[in-house]
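What follows is one structure encoded as structure tokens, with my remarks underneath.
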Amino acid sequence: IWFGTAQGSLFKRTKVGRYERVDIETHIKDMIYSIAEDDEGNIWLGTRTGIVKINKQTNRLSLYTQDKDSIGGNNVFKVLKARDGTLWFAVLGGSLTSYDGEKFRVWGPEDGMNNQFVLSATEDSKGNMWFGCYTGGLYKYDGEKFTNYNEADGLHSNTPYAIIADKDD
């Protein structure tokens, strides 16, 4: 079990049930919004400073930022690993970003993703990715295109803060 705090501290629970602090403060001192683990066992953190990757084997920490690594923004609110291994990064005030294990991709209006405040993300059983956006409604990405759903389509709010796909999609 891994958990981050508003003060930027990261902890993990050991196999014997103790909580151990992971020293990241010397590299990054920022709020940890979200945590995910990739298929190789690396831990990914969403922070206000960017994306942090921790290699559990080497304890090496890497920080990816908008300026240095061309991600969609530094205020990364949600990290989600899809079944195909792709990591998705919901960015506040920037652009939705994905990582396929080799490179980052930024998704914008030219791709059909017209909102820059992504608050939530989930994957349904068909592999569609769903993103909830502040005042932008829901976006569904089917692997080829984004489709936007909003109040005109029957949503009761254009700001879905949290979403999850249930067993019935």
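The values are calculated or read from the model by the stated rules, or taken from the named source; none is laboratory data. Keep in mind that what you see is a predicted model, and the values were worked out from it rather than measured. Cβ placement follows ideal geometry from the backbone for every residue including glycine, while neighbour counts extend to all protein chains displayed. For accessibility, only protein heavy atoms count, side chains too; no ligands or nucleic acids. Shrake-Rupley method; radii C 1.70, N 1.55, O 1.52, S 1.80 Å.
Exactly one of (1) under 19 Å from the mean Cα position of the chain (by Cα); (2) loosely packed, with under 12 Cβ neighbours inside 10 Å; (3) over 16 Å from residue 91 (Cβ atoms) is unmet by residue 135. Its number? Among (1) under 19 Å from the mean Cα position of the chain (by Cα); (2) loosely packed, with under 12 Cβ neighbours inside 10 Å; (3) over 16 Å from residue 91 (Cβ atoms), the lone unmet condition for residue 135 is (3).
Checked against the criterion of being aromatic (Phe, Trp, Tyr) and touching a Leu at 6+ places or on another chain (Cβ under 9 Å), region 13-36 has at least one qualifying residue. Residues of region 79-119 that are exposed (fewer than 14 other Cβ atoms within 10 Å of the Cβ), within 21 Å of residue 137 (Cβ to Cβ) and under 14 Å from the mean Cα position of the chain (by Cα): 93 alone.
The residues of region 34-67 that are open to solvent by less than 20 Å² (accessible area, probe 1.4 Å), of a type outside the set (A, V, I, L, M, F, W, C) and in contact with a Phe, Trp or Tyr (Cβ under 6 Å, 6 or more places away or on another chain), listed by number, are 46, 50. Of everything listed in (1) in contact with a Ser or Thr (Cβ under 8 Å, 6 or more places away or on another chain); (2) closer than 28 Å to residue 22 by Cα; (3) assigned to a strand (DSSP E or B), the single unmet condition for residue 122 is (1).
Based on what the data block shows, is residue 76 within 16 Å of residue 8 (Cα to Cα), more than 10 Å from the chain's Cα centre (by Cα) and open to solvent by less than 10 Å² (accessible area, probe 1.4 Å)? So residue 76 fails the test.
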